[in-house]
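The values are calculated or read from the model by the stated rules, or taken from the named source; none is laboratory data. This structure is a prediction, so every number in the text was calculated from the model and none was measured. So basically every Cβ, Gly included, is an ideal-geometry build from the backbone, and we count neighbours across all protein chains shown.
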Amino acid sequence: MRTKTPEEQEIGFQITPIVDIVALLIMFFMCTASKIKPEGQIGVSLPGSGEGGAVVEMEVYLGIQPEGSVTFNEAPIGTPMDDKLQALRDKLQALIKRFGDKFPVYIAPSPNSMHQRVIDVLDACAASGVKNLSFSEVAG
């Protein structure tokens, strides 16, 4: 009896590996689906209606000029040579004591300002306890 050469053999579609993979995927998703917590079971406490105090919308813009001077809502604060920015720290700490730490603080460095000065302002904000901090393109 003559054997077939590789060119004469029929190429068949192997379905067994596909069935194995599909079975494994079904088992995987069945096991992980039971561990997902539905959204309705997540506890969320919403504030009730009651006597609310006046909400103060406070925003702080910290501008950084190319020469190193820092502005607090467009008013100069500190000196360009002050790397600790103690005046800025004191002002931010006073605001946090008065309004809490939820008010946003925006840092708006000019395009030519030194990166080290931006780091100094970030350090002053962190030391003051600022929680809501982001960058802005325009001061105020």
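Residue count for the range 84-140 satisfying the condition of being on the phi > 0 side of the Ramachandran plot and of a type in the set (A, V, I, L, M): 1. Give the residues of the range 85-100 that are touching a Ser or Thr at 6+ places or on another chain (Cβ under 8 Å) and basic (Lys, Arg), sorted by residue number. Hit for the range 85-100 is Arg89, nothing else. What do you reckon, is Glu74 at pLDDT 85 or above, charged (D, E, K, R) and within 30 Å of Leu122 (Cβ to Cβ)? When the stated conditions are applied, Glu74 passes them.
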